[in-house]
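Since the structure comes first, as structure tokens, the remarks are kept for the end.
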Amino acid sequence: MTNWPRSVLRAPLLRGLDARGQDELMACGDLRPLAAGDTLYERGGKGDSLYIVAEGRLSLTGKRRHEGGELALREAGPGDSLGEEASIGATWRAHARAE
């Protein structure tokens, strides 16, 4: 089994996992490499995954209701989680792109 980057396993969301929990997570999860400009997910897409940044940066953009144009919401770097908003609804509410 491939060891995951420490930035993932030390993320606040996963920091408390013991060795068994880490092994189980690595067995069922994926590492997904992205190049600059690649889209991780798009606003309105069906959200069924949680992501933790291993390295690099992602920008999240979105729209306010009834307004046009993209707004910068936040950036995510190593150890930051994103996509969790989909766990409370059926779709992602932001667009996540690799920087």
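The values are calculated or read from the model by the stated rules, or taken from the named source; none is laboratory data. None of the values given here were measured: they were computed from a predicted structure. So basically every Cβ, Gly included, is an ideal-geometry build from the backbone, and we count neighbours across all protein chains shown. In case anyone asks, the SASA skips ligands and DNA or RNA and just uses the protein heavy atoms, side chains included. Shrake-Rupley method; radii C 1.70, N 1.55, O 1.52, S 1.80 Å.
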How much net charge surrounds GLY79 when only the other residues with a Cβ under 13 Å from the Cβ of GLY79 are counted, with Lys and Arg +1 and Asp and Glu -1?
-> +1
If one compares the long axis through the Cα atoms of helix 19-28 with the longest principal axis of the Cα atoms of the chain, the angle in degrees, nearest 10, works out at 50
Which residues make up the longest stretch of the chain clear of trypsin sites (Lys or Arg not before Pro) that lie in a DSSP loop with no more than 11 other Cβ atoms within 10 Å, not counting the sites?
-> 16-63
Once amide H atoms are built 1.01 Å from N in the peptide plane, which residues 5 or more positions from LEU40, or in another chain, come under 5 Å H to H?
-> ALA96, ARG97, ALA98
How much of THR61 can a 1.4 Å solvent probe reach, expressed as accessible area in Å² and rounded to 10?
-> 20
Which listed residue (GLY37, SER59, GLY21) has the Cα farthest towards the positive end of the charge dipole for the chain, taking +1 on Lys and Arg C-beta and -1 on Asp and Glu C-beta about the Cα centre?
-> SER59
Residue-normalised value, i.e. accessible area per residue, for the range 1-84 at 1.4 Å probe, in Å², stands at 70
Measuring from its Cα centre, the range 1-61 shows a charge dipole (+1 at each Lys and Arg Cβ, -1 at each Asp and Glu Cβ) which, in debye to the nearest 20, is 200
